[in-house]
Amino acid sequence: MVLLVKSGGPAALPEWQALFGEVLPDVTVKGWDDADVDPLSVRYVLVWEPTQGRIAQFPNLELVLSTAAGVDHILADTALPTHLDIIRMVTEETSTRMADFVTMASYALLREMPQLVSAQREGRWDEARLGGVAKETPVAILGLGELGSVAAARLAANGFPVLGWSRTQKSLPGVACHSGEAGLDRVLAQARIVVNLLPDTAQTKDLFGAALFAKLPRGASVINAGRGAQLDTAALLAALDSGQVGAAILDVFKVEPLPQDDPLWRHPHVIVTPHVASDASRKEKARQAALNIRAHQAGAAIVHRFDRARGY
């Protein structure tokens with residue numbers, strides 16, 4: 001019984017083998033490009049951006065495990081068999097890291113860190129740029145799933161007024177929750193910072209575009225740690241240049257790595273991070289993957305199974 005891994009490249013394989021040796025000793029772990037692996041022996045794959053058409057070459061495959069919370073990198077494979085279960089990588093560490101990132105980014109935008117970094121690069125002493133205070137800075141989180149709900153709680157604990165929006169109505173302590181189109185408009189109208197943690201669906205593609213930015217108070221800021229496909233970068237750049245959006249911290253992009261000639265790299269009011277907001281350690285990923293493989297073997301419930309109907 002083989003688990004095939006495509007994450008981190010050949011250099012990471014010994015670590016994956018050691019980690020799974022502790023939590024899943026009866027499964028053989030092999031690298032994605034190992035030519036000696038019998039395709040009939042592969043029961044599980046743990047992947048990031050799997051090679052087009054490759055998953056379909058394993059007739060006895062039972063689970064496709066993503067190394068990330070999102071699975072768009074797997075669904076991009078047009079030959080992917082539709083009967084296979086896809087498992088999202090959501091762990092306690094994932095949620096904690098996302099809450100850390102969103103809190104860090106919110107404070108950075110609160111204190112106008114993108115503009116201060118720009119001033120530093122220009123050798124400009126911008127002592128008048130004091131920023132705001134947390135208790136007077138409403139933060140809207142779009143997407144209140146496993147990641148969004150934890151991030152919302154953390155922001156509330158740090159004194160930010162927190163607004164939440166989700167497709168269906170939710171209730172979270174310390175968070176003013178809204179749903180539906182009218183609810184989204186109410187949330188956007190109040191937000192000084194808006195955080196994207198929505199799942200990747202047909203309805204959310206390019207959602208962060210001109211129409212959404214126009215509904216924000218002038219000068220509000222944007223954090224995108226959800227999915228790259230949801231951000232219309234041309235619209236964001238236009239909103240930044242007009243002052244409708246004051247600043248942005250961006251972690252995910254339609255094309256990754258972000259091309260070197262992309263203007264986001266050099267915009268004075270943008271901070272770019274390389275898709276690191278909530279990436280868990282390999283140790284935690286191996287532990288979570290092993291739990292779901294064990295559950296599958298026992299016929300028990302698998303957590304974080306991707307629902308094709310809902311899109312997340």
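Readers should treat all values here as calculations from the given coordinates under stated rules, not as data from a laboratory. Owing to the predicted nature of the structure, the values given are computational and were not obtained by experimental measurement. Cβ coordinates were reconstructed from backbone atoms using ideal geometry, including for glycine residues, and neighbour counts include every protein chain displayed.
Set Lys and Arg Cβ to +1 and Asp and Glu Cβ to -1, take the dipole of the chain about its Cα centre, and tell me which of G246, L291, G228 lies farthest positive.
G246
Which is farthest toward the positive dipole end of the chain among V117, G53, A140, measuring Cα position about the Cα centre, with Cβ charges +1 (Lys, Arg) and -1 (Asp, Glu)?
Highest projection toward the positive end goes to A140.
Rounded to the nearest 10 degrees, what's the angle between the helix 146-157 long axis and the longest principal axis of the chain, both from Cα atoms, 0 to 90?
Here the helix axis deviates by roughly 40 degrees.
I'd like the distance between the alpha-carbon centres of segment 74-118 and segment 1-69, rounded to an integer number of Å.
Cα centroid to Cα centroid, the span is 23 Å.
How about segment 81-183: which GluC sites (Glu not before Pro) there lie in a loop by DSSP and see at most 12 other Cβ atoms within 10 Å?
Passing sites in segment 81-183 are E122, E127.
Between A12 and T51, take the C-beta separation as r, use R0 = 22 Å, and let me know the FRET efficiency to the nearest 0.05.
0.85
So for segment 20-172, considering every pair of alpha-carbon atoms, how many percent are separated by more than 24 Å?
Result for the distance tail: 55 percent.
How big is the antiparallel share of DSSP beta bridges in the chain, given as a percent to the nearest 5?
Around 5 percent antiparallel, to the nearest 5.
Which distance in nm do the two modelled labels at M104 and L40 give, with both placed 7 Å along the Cα-to-Cβ direction?
The modelled label-to-label distance comes out at 4.9 nm.
Angle between the Cα long axis of helix 180-190 and the longest principal axis of the chain, 0 to 90 degrees, nearest 10?
Computed tilt is about 50 degrees.
Can you put S95, S179 in order, fewest other beta carbons within 10 Å first?
Arranged by neighbour count, lowest to highest, S95, S179 become S179, S95.
For V270, what is the net charge nearby, where nearby means another residue's Cβ is under 14 Å from its Cβ and Lys, Arg count +1, Asp, Glu -1?
-2
Given K254/K285; K135/K215; K6/K283; K135/K254; K135/K170, which pairs have Cα atoms separated by over 27 Å?
Among K254/K285; K135/K215; K6/K283; K135/K254; K135/K170, the Cα-Cα distance tops 27 Å for K135/K254.
Round to the nearest 10 and give me the degree value, 0 to 90, for the angle of helix 233-242's Cα axis relative to the longest principal axis of the chain.
It works out to around 20 degrees.
What size of dipole, in debye to the nearest 20, comes out for the chain about its Cα centre when the only charges are +1 on Lys and Arg C-beta atoms and -1 on Asp and Glu C-beta atoms?
Magnitude of the dipole: close to 800 debye.
Which residues does the label zone of D261 cover in segment 210-242, counting backbone N under 17 Å from a point 7 Å along Cα→Cβ?
It comes to 234, nothing else.
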